[in-house]
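Bear in mind that the values in this text are calculations on the coordinates, not laboratory data. Here the structure is a predicted model, which is why all the values come from computation and not from measurement.
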Amino acid sequence: MIRGIYTATSALRAATMHQTRLAHNISNLQTAGFKQILTSRQAYETQRMGEYDGDTATLIRGLDGGLEQGLLVPEEIIDFSQGTLQITDRPLDIALEGEGFFRVQTDEGERYTRDGSFHRDGLGRLVNRDGHFVLGENGQPLVLAAGPVGVNPDGVFVAGGVAAGRLGLAAFGDNAGLIRENGNLFRAEAAPQAATNVRVQQGYLEGSNVDENIQMLEMMRVMRLYEASQKSLQTQDMTLNQALSVGEV
């Protein structure tokens, strides 16, 4: 009976966590370069039924069957699939088509993003919307001269008729090693490689890869799971109260 309460509670916790991640996805529908969070649910490891040594928790005698311990929510999974390219006609809006990330310099070190909404600061340096320097392939901030800006598909900037360097684009053998941080940035535990399978598009931004319809349907499904788990918990609690009442008679 107590196990049933734990099982229902774990399902409530899993549904709450899932709804939080879905709400985060929906709130970033219009965020350039945003990568949605996926959530998978799985059961805790099934506990084998039997008699256990109370001191060492060692199985003494096994019985047929087992007991599941409810649901757990594993760490978030980030979907790095390509978002739709949206035309803006702003010369410093840059989108990446294919694999790779822009490299930006923050106070905490180098970070990576797919958000290519850039502008020039007062000294002509290329910065992102948060004011972080956009790095060139030499690892230094890109500096653009005054005048019209052009960017070719290989990421080479020309400003005021003068070549200003090539974008530093990073790629990783396994994007699963990237850790999301605030501001649509990612931190890498492994050293990046130069991105090769990528095309730079000037005057575009990569949109979020969140599908609003799918997210809303998933929220409704998770809400039904939450309601069912809530009713189960209430039933378990009522049954436990009745059992205790009988025991007191």
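Please work out the Cα convex hull volume for the stretch 140-239 and give it in Å³ per residue.
Numbers: hull volume 18.2 nm³, N = 100.
Cα-based convex hull of the stretch 140-239, divided per residue, equals 182 Å³.
Give me the extension gain from HIS119 to ASP154: residue separation times 0.36 nm, minus the current Cα-Cα distance, reported in nm with one decimal.
Values: separation 35, 0.36 × 35 = 12.60 nm, distance 1.92 nm.
Between HIS119 and ASP154, full extension yields an extra 10.7 nm.
For the stretch 93-106, just list the computed ³J(HN,Hα) in residue order, Karplus coefficients 6.51, -1.76 and 1.60, θ = phi - 60°, integers in Hz, with x standing in for Gly and Pro.
8, 10, 10, 10, 10, x, 7, x, 9, 6, 9, 10, 9, 10
Report, by chain and number, residues whose modeled amide H sits under 5 Å from the one on ARG103, excluding near sequence neighbours (fewer than 5 apart, same chain).
LEU135, GLY168, ALA170
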